[in-house]
Amino acid sequence: MLKHLHIELGFVAIRQLLRGVVGVQQLMSYQMRVKRNRCLTPLECSDKIIQLDLEAMPGERLKVFRSGQFVRMGLPGKKDVSASYFAIASEPEDADIYSFVIKESAGISAHLVGLQPGAAVDIDGPMGKGFDVRASQPKNLLLLGVGTGVAPLRSVWRSVAKNRDAYGHVAIYAGFLTPMHIILTDELETLAQDDIQVHVSVTEGSEYWSGPIGFVQDSLRKDRPVADNTVVCITGMNAMVDACTETLIKLGFHDEQILLNF
């Protein structure tokens, strides 16, 4: 199972799954079908990343979930393709679809990126503790993620935008490999109208990129966000989560202010 975990969930979750804290024994198994499949990266990008929208089967309703939770996806009739975990990228207020951000790689994701509308998908979940940001209202929010790990953060910021008056200062720090790997560009650009700040950085720049080059933790050290009355949601690989947590602690944050989604 370990080799089929994806960054959409976060590699830190491997340890938590082994400990059984995501409640696998309580999964709800059912099917959903593809409503839309759209590519988020340009053809010139070395990686293909898509947004996959799933809808409930006729006569059924979406399961209620919390931002930051994830599901296990499988393919009907393909026993040779192992199921894997993907975070829900749509907001809980959306009663029509579950959205996912998926990078094409070995395993099930190679099949998911090619699914067409109407195709069935096996689903277990939602599962995981998610981000209980409602408990933090009206505190300030920092959302930190890299690559397709921004998927569960998208669920948070879309929910926050629909309940904006309930929060104070909200800022997103999103890191990507190269400018071509930046996803959800149009959506991120529109968040300013909801008074949500967006900080995008890339690890590898280009002649066309004039923004920050480096890691998310580098941007945090530069901007020095205020810890008072602030809650932080982090998603990403082990190294990123650890580096950002260490940076935040040095900036005056406490462990209880830093939320993970599993």
Per GNM of the chain with C-alpha springs under 10 angstrom, the most fluctuating residue out of 199, 181, 111 is 111
Comparing 69, 217, 116 in a Gaussian network model of the chain (Cα, 10 Å), the one with the largest mean-square fluctuation is 116
Out of 160, 127, 239, whose Cα points farthest toward the positive end of the dipole of the stretch 117-262 (charges: +1 Lys, Arg; -1 Asp, Glu; placed on Cβ)? 160
Environment charge of residue 218, counting only residues whose C-beta is closer than 14 Å and scoring Lys/Arg +1, Asp/Glu -1: +1
Taking 0.36 nm per residue of separation and subtracting the Cα-Cα distance, what length does fully extending residue 163 through residue 213 add? 14.8 nm
What's the magnitude of the charge dipole for the stretch 77-116 around its Cα centre, counting Lys and Arg as +1 and Asp and Glu as -1 at the beta-carbon? Answer in Debye, nearest 20. 360 debye
To the nearest 10 degrees, the tilt of helix 238-250 (Cα long axis) against the first principal axis of the alpha carbons of the chain is 30 degrees
Could you tell me the center-to-center distance, by alpha carbons, between the stretch 215-262 and the stretch 178-192 in angstrom? 21 Å
By the gyration tensor of its Cα atoms, with a ≥ b ≥ c the square roots of the eigenvalues, what is the shape of the stretch 108-224: rounded for a/c under 1.5, prolate for a/b over b/c, or oblate? oblate
Using the Cβ atoms and a cut-off under 9 Å, what net charge is assigned to the surroundings of residue 72, where Lys and Arg are +1 and Asp and Glu are -1? -2
Prolate/oblate/rounded call for the stretch 55-95, Cα gyration tensor, a/c under 1.5 rounded: oblate
Residue 33/residue 221 FRET efficiency (R0 41 Å; Cβ-Cβ; nearest 0.05): 0.35
Under 5 Å, built H, 5+ apart or other chain: amide partners of residue 119: 34
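Might you report the magnitude of the Cβ-based charge dipole of the stretch 128-258 about its Cα centre, with Lys and Arg at +1 and Asp and Glu at -1, to the nearest 20 debye?
That gives the stretch 128-258 a dipole magnitude of about 280 debye.
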Once you keep just the Cα pairs under 8 angstrom separated by 6 or more residues, what percentage relative contact order results for the chain? 22 percent
Consider the candidate values (i) 38; (ii) 51; (iii) 57; state which one is percent of Cα pairs over 26 Å apart computed from the structure displayed. (i)
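Please give the per residue accessible area of the chain, computed with a probe of 1.4 Å over protein heavy atoms only, in Å².
Solvent-accessible surface per residue comes out at 47 Å².
Out of the DSSP beta bridges found with both residues in the chain, what percent are antiparallel (nearest 5)?
55 percent
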For residue 222, counting only lysines whose alpha-carbon sits under 20 Å away and dropping same-chain residues fewer than eight positions off, the answer is 250
GNM on the chain, C-alpha springs below 10 Å: top fluctuator among 84, 159, 210? 210
For a quick check of your reading of the filter: which chymotrypsin sites (Phe, Trp or Tyr not before Pro) in the stretch 140-234 sit in a DSSP loop and have no more than 16 other Cβ atoms within 10 Å? 208, 209
For the chain, which span is the longest to avoid every loop-located (per DSSP) member of GluC sites (Glu not before Pro) having at most 13 other Cβ atoms inside 10 Å? 94-203
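Only helical DSSP H runs with n ≥ 4 go in: add -39500 (n - 2.57) per run for the chain, normalise by residue count and round the 222 nm mean residue ellipticity to 500 deg cm²/dmol.
Values: 6 runs with 51 residues, N = 262.
My calculation for the chain gives -5500 deg cm²/dmol from helical runs alone.
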Among 151, 86, 57, whose Cα sits farthest toward the positive end of the charge dipole of the chain (+1 at Cβ of Lys/Arg, -1 at Cβ of Asp/Glu, about the Cα centre)? 57
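The values are calculated or read from the model by the stated rules, or taken from the named source; none is laboratory data. Note that the structure is a prediction, hence the values are computed from the model and not measured. Virtual Cβ from ideal backbone geometry, glycine too; neighbours counted across all protein chains shown. Protein only, heavy atoms only, side chains kept; ligands, DNA and RNA dropped before computing areas. Shrake-Rupley method; radii C 1.70, N 1.55, O 1.52, S 1.80 Å.
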